[in-house]
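**Q** Let me begin by handing over the structure; questions about it come next.
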Protein chains: 2
Amino acid sequence: MDKLKILVVDDESRMRKLVRDFLVKSGYEVLEAEDGARAVDIFFTQKDIALVVLDIMMPKMDGWQVCREIRSHSKVPIIMLTAKSDERDELQGFQLGVDEYISKPFSPKILVARIEAILRRTNQLGQEEILTCAGIKVDKSAHQVWVDDTPIELSYKEFELLVYFIENKGIALSREKILNNVWNYDYFGDARTIDTHVKKLRSKLGNRGDLIKTIWGMGYKLEE
Amino acid sequence: MDKLKILVVDDESRMRKLVRDFLVKSGYEVLEAEDGARAVDIFFTQKDIALVVLDIMMPKMDGWQVCREIRSHSKVPIIMLTAKSDERDELQGFQLGVDEYISKPFSPKILVARIEAILRRTNQLGQEEILTCAGIKVDKSAHQVWVDDTPIELSYKEFELLVYFIENKGIALSREKILNNVWNYDYFGDARTIDTHVKKLRSKLGNRGDLIKTIWGMGYKLEE
DNA sequence: GTGATTTTTTCACAGTTTTGACATATTTTC
DNA sequence: GAAAATATGTCAAAACTGTGAAAAAATCAC
């Protein structure tokens with residue numbers, strides 16, 4: 001997946017640089033605008049901006065105005081930056097559809113954390129998580145497994161178990177650890193039940209089944 | 001249906017009045033803008049403008065610029081007015097997605113005729129958001145569903161559920177997630193009600209019904 | 001408003017899948 | 001080879017889903 005684009009609007013270049021550096025370091029593509037008019041212009045020519053970070057105090061067109069313009073036809077998440085923590089402003093912001101409100105001075109880490117939270121909430125952040133190991137492919141979100149590109153059917157527990165294995169591939173896992181992570185914490189049954197599930201998993205994985213190694217006297221391990 | 005709204009953009013008030021009078025007589029509602037910036041502003045605050053008549057030669061922001069701004073996120077039909085019949089301009093206009101091109105001086109009747117033609121061609125409906133998945137087609141705004149191009153009737157909840165599925169096709173959805181997204185957030189009823197709706201949805205989708213897969217112990221998924 | 005109709009929700013039961021336990025077989029280690 | 005640990009087949013219990021019917025709620029027609 002491509003990097004997500006974030007538009008940073010602030011008249012102070014020092015502030016833009018600060019935010020940009022942190023965002024770039026966090027893996028985003030950053031577009032900058034030094035005033036409101038420019039911001040609106042960039043937003044409407046660039047079609048796939050994932051989020052807007054918007055300063056309120058700007059010459060010419062202020063943040064509220066930019067927000068209104070953008071909101072009038074886009075639901076893109078908007079984070080407002082403000083110098084003073086004015087509650088009335090905050091209210092106005094939320095009415096305009098501002099998603100977050102961060103008052104200066106702020107720690108860039110906080111900004112990044114808020115951004116990630118919003119992107120996660122709006123489902124724009126890396127959902128396409130596909131785990132692989134040798135010939136085994138697991139799409140967690142689709143709940144789908146392939147062995148050498150042939151889809152296979154796994155039960156709920158088998159799937160959970162496989163995900164746990166593949167997320168810890170190459171690591172020896174004790175039965176106790178597996179129980180604590182794949183089974184509910186309140187499960188007090190036989191630890192040997194894992195054997196049964198490993199058995200079924202191995203058989204469903206076909207000729208990739210032997211990737212699950214037995215660590216004698218200890219537990220299991222998914223070969224990397 | 002309400003009168004269709006047409007936005008007329010020209011810096012000459014004489015010209016605007018001329019066009020407006022004819023359009024009003026033809027049964028349209030007319031909005032006027034005397035410059036490009038104003039035009040963009042009006043266009044984005046008014047959400048249901050059916051067509052834009054746009055003069056090219058204007059101070060501040062010219063017609064091309066307005067066209068670009070509007071086109072960057074709307075497919076509304078645009079008719080350009082120009083004083084000189086410059087072929088190169090025309091080319092540029094069509095590349096920008098201009099629908100018609102009328103050179104001044106023009107007869108108002110011609111303008112109205114062209115407008116009617118375009119509106120007929122575009123079915124007087126600007127943009128229709130149509131979701132698809134395999135043989136299933138959903139027109140969200142028209143609240144209409146087709147299965148293999150045969151229209152089918154769905155109740156409100158069934159429709160909402162299908163939209164949620166299709167907007168998340170290929171993703172396994174837990175009952176909890178479905179409840180939180182399709183039902184109101186404060187719904188605390190039986191999660192099994194989803195099963196009932198899935199059942200009805202499956203049956204109404206006919207032979208496409210089995211695109212909705214059961215993820216055992218987890219929820220449902222619409223096959224991509 | 002009233003009564004009829006449609007939609008939504010609940011519920012119970014039947015049918016299915018999964019799960020975990022157990023007994024037995026096999027493998028590993030010493 | 002014996003002891004200890006794991007693999008496997010079987011199976012009943014548990015968990016879950018599909019379904020039809022009925023109750024409740026919302027909507028419509030008058």
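The values are calculated or read from the model by the stated rules, or taken from the named source; none is laboratory data. Remember, predicted model here, so these are calculated numbers, not experimental data. When we count neighbours, we look across all protein chains shown, and the Cβ atoms used for this are built from the backbone with ideal geometry, even at glycine.
**Q** Being part of a strand (DSSP E or B) and either within 13 Å of chain B (Cβ to nearest Cβ) or hydrophobic (A, V, I, L, M, F, W, C) (or both) is the filter here, so list the residues in region A:140-173 that pass it.
**A** A:144, A:145, A:146, A:147, A:151, A:152, A:173
**Q** Which of the residues spanning region A:187-219 are within 11 Å of DNA strand D (Cβ to nearest atom) and under 30 Å from the mean Cα position of the chain (by Cα)?
**A** Hits for region A:187-219 are A:201, A:212.
**Q** Something else: Away from DNA strand D (no atom under 14 Å from the Cβ) and assigned by TED's automatic domain parsing to the domain that holds residue B:136: does that describe residue B:150?
**A** Judged against the criteria, residue B:150 is a match.
**Q** Six or more apart or on different chains, Cβ under 7 Å: which pairs go from a residue in region B:201-224 that's aromatic (Phe, Trp, Tyr) to one that's within 12 Å of DNA strand D (Cβ to nearest atom)? Could you list them?
**A** Here the result reads B:216/A:155; B:216/A:156; B:220/B:173; B:220/B:198; B:220/B:212; B:220/B:213; B:220/B:214, each pair linking region B:201-224 to a residue that is within 12 Å of DNA strand D (Cβ to nearest atom).
**Q** How many residues does region B:179-193 contain that are in contact (Cβ under 8 Å) with a residue 12 or more places away in the chain, in a helix (DSSP H, G or I) and away from every other protein chain (no Cβ under 14 Å)?
**A** Qualifying residue count, region B:179-193: 2.
**Q** Moving on. Which one is surrounded by the most Cβ atoms within 10 Å (Cβ to Cβ) among residues in region B:39-74 that are free of Cβ contacts under 8 Å to residues at least 12 places away in the same chain and assigned to a helix (DSSP H, G or I)?
**A** The residue in question is B:44.
**Q** Taking region B:194-214 as the search range and keeping residues that are within 14 Å of chain A (Cβ to nearest Cβ) and crowded, with 17+ Cβ neighbours inside 10 Å, which one is farthest from residue A:159 (Cα to Cα)?
**A** The selected residue is B:211.
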